[in-house]
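Report on the structure given below.
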Amino acid sequence: LFKQKNKVSQKKDIRMLTTRVHFRNHVAWVTLFFVYAAIAFFNLYKGSVQSPDTVQYIKWAKTLIGHEFSFLAYYGDVSFHVPPFLYTIPVAIFAILISIFNEQWVIAYQALNLSALFLILFLYVKITLHLNVRKWLVSLSLLAFIVSVDYLLWPRYILTDTLFAATVMIALYTVIVGTNNRLGHYVMIIFSTFLLLFSRPASPTFIVVF
């Protein structure tokens, strides 16, 4: 009887040890989902916000829709102090969402912003783990996002800041982590460069740095 109890106790100890090791190995990912849920809930609770820049994007998007998504015609019709092609991707996103979701496009855009937020956090964890940063330290650093003014503010704005931040993270991931496939790595670099170049006027600076 004593031997049976001893075996049961050993099995329990092994299960507890296995659980602890499993949690320790995945603590960064568990923290990621906790942090994302907290930030997403806060931004959804506060509700979406529009600004004068949002109005400008809507105007450009409707111009693009009016030209039936002919970008050459759109570029010729838009007058701005910087080349309009530098805003191609965000304007295209606005136009697509307005065309598909009509009056509900703002909800769709906020969902896109929150998806971009998750991508930012996900790539952050992937990059830091790739650099062999300790898992507990990665987990601890993720908590800083909860008190970050940027992540508690911009994801609810109907603007391009969160999307551009996600684009920058994709470029960082491409440069730091990349892929084992050489051709795939070059494709990712070209893709990242394309995303940056056509996202906003400040993108050439990021491209030079990367």
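Looking at the structure I just gave you, is SER79 surrounded by fewer than 17 Cβ atoms within 10 Å (Cβ to Cβ), of a type outside the set (Lys, Arg), farther than 19 Å from ALA202 by Cβ and modelled with pLDDT of 95 or more? No. Going through THR174, THR128, THR160 one at a time, which residue ends up being of a type in the set (S, T, N, Q), surrounded by 16 or more Cβ atoms within 10 Å (Cβ to Cβ) and within 23 Å of PHE71 (Cβ to Cβ)? Matching residue, one of THR174, THR128, THR160: THR160. Checked against (1) over 24 Å from the mean Cα position of the chain (by Cα); (2) at pLDDT 95 or above; (3) open to solvent by 60 Å² or more (accessible area, probe 1.4 Å), LEU64 passes all but condition (3). The set of residues in the stretch 84-101 being over 20 Å from THR167 (Cα atoms) and open to solvent by 60 Å² or more (accessible area, probe 1.4 Å) consists of ILE100, PHE101.
The residues of the stretch 177-194 that are open to solvent by less than 50 Å² (accessible area, probe 1.4 Å) and β-branched (Val, Ile, Thr) amount to a single one, VAL177. Among the candidates ALA116, ALA108, which residue alone is hydrophobic (A, V, I, L, M, F, W, C), at pLDDT 95 or above and farther than 23 Å from ALA171 by Cα? Only one candidate passes the filter, namely ALA108.
Selection of first residues in the stretch 33-54 that are open to solvent by 100 Å² or more (accessible area, probe 1.4 Å) and of second residues that are part of a helix (DSSP H, G or I), restricted to Cβ pairs under 7 Å at least 6 apart or on distinct chains, gives the following pairs, ordered by first then second residue: LYS46/ARG156. Considering the stretch 131-157, the residues that are among the aromatic types (Phe, Trp, Tyr) and surrounded by 15 or more Cβ atoms within 10 Å (Cβ to Cβ) include one that is farthest from ASN113 (Cα to Cα), namely PHE145. Would you confirm, using the coordinates I've provided, whether SER70 is under 24 Å from the mean Cα position of the chain (by Cα) and open to solvent by less than 70 Å² (accessible area, probe 1.4 Å)? Taking the combined requirement at face value, the residue does not satisfy it. Scanning the stretch 153-200 for residues that are small (Gly, Ala, Ser) and touching a residue at least 40 places away in the same chain (Cβ under 8 Å) yields a count of 3.
The values are calculated or read from the model by the stated rules, or taken from the named source; none is laboratory data. Quick caveat, the model's predicted, so the values are computed rather than measured. Positions of Cβ are backbone-derived with ideal geometry, glycine not excepted, and every protein chain shown enters the neighbour counts. For accessibility, only protein heavy atoms count, side chains too; no ligands or nucleic acids. Shrake-Rupley method; radii C 1.70, N 1.55, O 1.52, S 1.80 Å.
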